[in-house]
Amino acid sequence: MSLSRRGFLKLSAAMAGAGAIGATVGCQGDGAKADAKRVVVIGGGFGGATAAKYVKLFDPSVEVTMIDGQASHTTCPFSNLVIGGLKEIDEITHDFTALEKHGVNVVKGWVTGIDAEGRVVTLEDGRTYEYDRLVVSPGIDFNYDAIEGYSEEVADTKMPHAWQAGEQTLLLRKQLEEMEDGGRFIMVAPPNPFRCPPGPYERVSLVANYFRENKPNSTILVLDPKANFSKEGLFREGWEADYGGMIEWIGPDFGGGVDKVDADRMVVTAGGTEYDGDVINVIPPQKAGWIAHEAGLVDDSGWCPINTGTYESTMHAGVHVVGDACIGSPLPKSGFAANSQAKNCAAAIVAMFHNENPPEPSWVNTCYSLIAPDYGISVAAVYRVEDGKTVSVEGAGGVSPLGGKNAEKEAGYAHDWYASITEDIWGS
Amino acid sequence: MSQNREAAIGRRLSTASLAAIGLGLMLAAGMSQAESDTERMEMSTGSIIGATCMGCHGFQGQGSGDIPRLAGVAKEATAGKLLEYKSGALEGTVMNRIAKGYTDDEIQAVAEFFAKQ
């Protein structure tokens, strides 16, 4: 389609006007056209794309513009399957065509500024977008400085984090493929809070699966600054059952906290001890994505404080933050949670446009992890607001039972879940 | 509403509709469907909870692989199953853990929402 931007905007306005008039015949009539509300969404990932689509679903008269630096989104969920050789990167990459079909104006570009007072977003190339409500879903950024010797350049060349999917995922995969049998894979696990709590341990599992089948003399070392981790009992049971002694985990009591890396020597220093690895995956401490910092949406924690349910920033009115970047606790920083948050946020925004009270929010998180291709585990929780706070509903949620009785079924559900949630966000 | 006013809106509508048709064609159709008022997603207890179910059960509850379809399933059937998961009468994998998070009224509301999809 070759349609100039100016022409597109003109037509968009006419279109939105049509929707608005259609919806208000018999009550207001005049004036609706000029009143079309505008929502701008920054980020086309789990949080952003969901927010864009669901604002449009809840009220098609709202003009929704979604801005992302890429033409598609490669998901972190299931990127461990690419690293483990079970999926191709194309299978976890989703374009924004379906969002356009839902009436979302998709813009490719990097946002460099948010004027929260003037309600304008500016792109690197100078384009500007005005909004009535802004949704920021920028994901994560890294505190490279927290580990001596680590940097973005080291991540891009020798020690990938692979904690944002795409080139990083492929680099880690390539390094594992090139590693000789008998080599050592080291994972430097991140401190809390971080994106996808079970993710590092699923990654270790699927690398172990790859080694077992292709490089059986290889070993895995996990250096962890945390005393315990998500679904730990289940992961440990699975590692023992499937991978014997291949995986060694060192926690903080035994010096698991890494303070230094040497990319030239391929060495990691933790608790005063040097460990050399053939492939080293450093997942650094994290913070909200860059634009959230630039726009003054973060507090001292490096993450974005928000109001319960509406996700409106407590730092700037009219700006909502969803997904990993927001302080959404007790919801974890997961793709599922971002999807759930964004739907509540979208409903709240539409309600505000109609001068109604936002509906009572409700959230779910369900995270599947694969220990092996036929061995799945899950953690789930239901959340609601009680006394103005988001709480995990007592008596609900929890992890899969030990003993692996549902492991095969849950491995299947993991794939079905991925198909469903990606369809919900970027499909249909 | 006076007749004149009604007629005026009618005229504006037809102009707007023409623009809509033009845009729809240029954007390879599809867009105008979501724009119609009948497609608007309701905002209710059922839809807010239902939207979270779609994280596994797919957009509008279409289902995927072994995860069952909820769209268009009779309210009694969905509510009945959820209540059994909640009480433990029916053993699932993740659904027992999730169903326990809702009141019986919420279960009825979400079942009704999916029945209408």
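The values are calculated or read from the model by the stated rules, or taken from the named source; none is laboratory data. No experiment lies behind these values; they were computed from the predicted model shown. Note: ideal-geometry Cβ built from the backbone for every residue, glycine included; neighbour counts use all protein chains shown.
When you scan segment A:32-78 for strands (runs of 3 or more DSSP E) that lie fully inside it, which ones turn up with 3 or more residues that are modelled with pLDDT under 95?
Values: elements: A:38-42, A:63-68, A:72-74.
Once the strands (runs of 3 or more DSSP E) in segment A:32-78 are filtered for at least 3 residues that are modelled with pLDDT under 95, nothing remains.
Considering segment B:70-92 alone, what residues qualify as being surrounded by 18 or more Cβ atoms within 10 Å (Cβ to Cβ) and free of Cβ contacts under 8 Å to residues at least 24 places away in the same chain?
Of everything in segment B:70-92, those that are surrounded by 18 or more Cβ atoms within 10 Å (Cβ to Cβ) and free of Cβ contacts under 8 Å to residues at least 24 places away in the same chain turn out to be B:K81, B:Y85, B:K86.
Give the residues of segment A:410-428 that are at the interface with chain B (Cβ under 7 Å from one of its Cβ atoms) and among the hydrophobic types (A, V, I, L, M, F, W, C), sorted by residue number.
Once the filter is applied, which keeps residues that are at the interface with chain B (Cβ under 7 Å from one of its Cβ atoms) and among the hydrophobic types (A, V, I, L, M, F, W, C), segment A:410-428 yields A:W417, A:A419, A:I421.
Among (1) assigned to a helix (DSSP H, G or I); (2) closer than 26 Å to A:A414 by Cβ, which single condition is A:S329 missing?
Tallying (1) assigned to a helix (DSSP H, G or I); (2) closer than 26 Å to A:A414 by Cβ, A:S329 fails exactly one: (1).
Give segment A:384-428 a look and list any residue that's assigned to a helix (DSSP H, G or I), over 23 Å from the mean Cα position of the chain (by Cα) and free of Cβ contacts under 8 Å to residues at least 24 places away in the same chain, or say none. Give the derivation first.
Going residue by residue through segment A:384-428, those that are assigned to a helix (DSSP H, G or I) are A:407-426.
Filter again for over 23 Å from the mean Cα position of the chain (by Cα), leaving A:407-409.
Hits for segment A:384-428: nothing passes.
Would you point out the residue of segment A:354-377, among those that are within 8 Å of chain B (Cβ to nearest Cβ), without any contact (Cβ under 8 Å) to a residue 40 or more places away in the chain and surrounded by 23 or more Cβ atoms within 10 Å (Cβ to Cβ), that is farthest from A:G335 (Cα to Cα)?
So the residue we want is A:S362.
Pick from A:A347, A:A381, A:A351: which is facing another protein chain (nearest Cβ under 9 Å) and in a strand (DSSP E or B)? Full working, then the answer.
Values: A:A347 fails: in a strand (DSSP E or B); A:A351 fails: in a strand (DSSP E or B).
Step by step, each of A:A347, A:A381, A:A351 is checked, and only A:A381 is facing another protein chain (nearest Cβ under 9 Å) and in a strand (DSSP E or B).
Go through segment A:203-225 and count every residue that is under 16 Å from A:N80 (Cα atoms) and among the polar types (S, T, N, Q).
Of the residues in that region, 2 qualify.
Take the residues in segment A:295-308 that are out of contact with any helix residue (DSSP H, G or I) (no Cβ under 8 Å at 6 or more places or on another chain) and among the β-branched types (V, I, T), then tell me which one is surrounded by the most Cβ atoms within 10 Å (Cβ to Cβ).
Among those that are out of contact with any helix residue (DSSP H, G or I) (no Cβ under 8 Å at 6 or more places or on another chain) and among the β-branched types (V, I, T), it is A:I306.
Looking only at segment A:309-335, count how many residues are surrounded by fewer than 24 Cβ atoms within 10 Å (Cβ to Cβ) and touching a helix residue (DSSP H, G or I) at 6+ places or on another chain (Cβ under 7 Å). Even if it seems obvious, please write down each step before you answer.
We begin by selecting, within segment A:309-335, every residue surrounded by fewer than 24 Cβ atoms within 10 Å (Cβ to Cβ); these are A:309-310, A:312, A:314-318, A:327, A:329-332.
If we keep only those that are touching a helix residue (DSSP H, G or I) at 6+ places or on another chain (Cβ under 7 Å) as well, we get A:309-310, A:331.
So the count comes out to 3.
Kindly list the number of the only condition in (1) more than 11 Å from chain B (Cβ to nearest Cβ); (2) under 18 Å from A:V135 (Cβ atoms); (3) surrounded by 24 or more Cβ atoms within 10 Å (Cβ to Cβ) that fails for A:I83.
The number of the failed condition is (2).
Taking the options B:I67, B:I21, B:I9, B:I107, name whichever one is within 11 Å of another protein chain (Cβ to nearest Cβ) and at pLDDT 95 or above. Break it down stepwise before answering.
Working: B:I21 fails: at pLDDT 95 or above; B:I9 fails: at pLDDT 95 or above; B:I107 fails: within 11 Å of another protein chain (Cβ to nearest Cβ).
Only one candidate qualifies: B:I67.
Going through A:A292, A:A263 one at a time, which residue ends up being touching a helix residue (DSSP H, G or I) at 6+ places or on another chain (Cβ under 8 Å) and under 30 Å from A:G323 (Cα atoms)?
Working: A:A263 fails: under 30 Å from A:G323 (Cα atoms).
Testing whether each residue is touching a helix residue (DSSP H, G or I) at 6+ places or on another chain (Cβ under 8 Å) and under 30 Å from A:G323 (Cα atoms) leaves just A:A292.
Looking at (1) more than 16 Å from the chain's Cα centre (by Cα); (2) modelled with pLDDT of 95 or more; (3) on the phi < 0 side of the Ramachandran plot, which is the only condition A:P358 fails?
Looking at each condition in turn, A:P358 falls short on (2).
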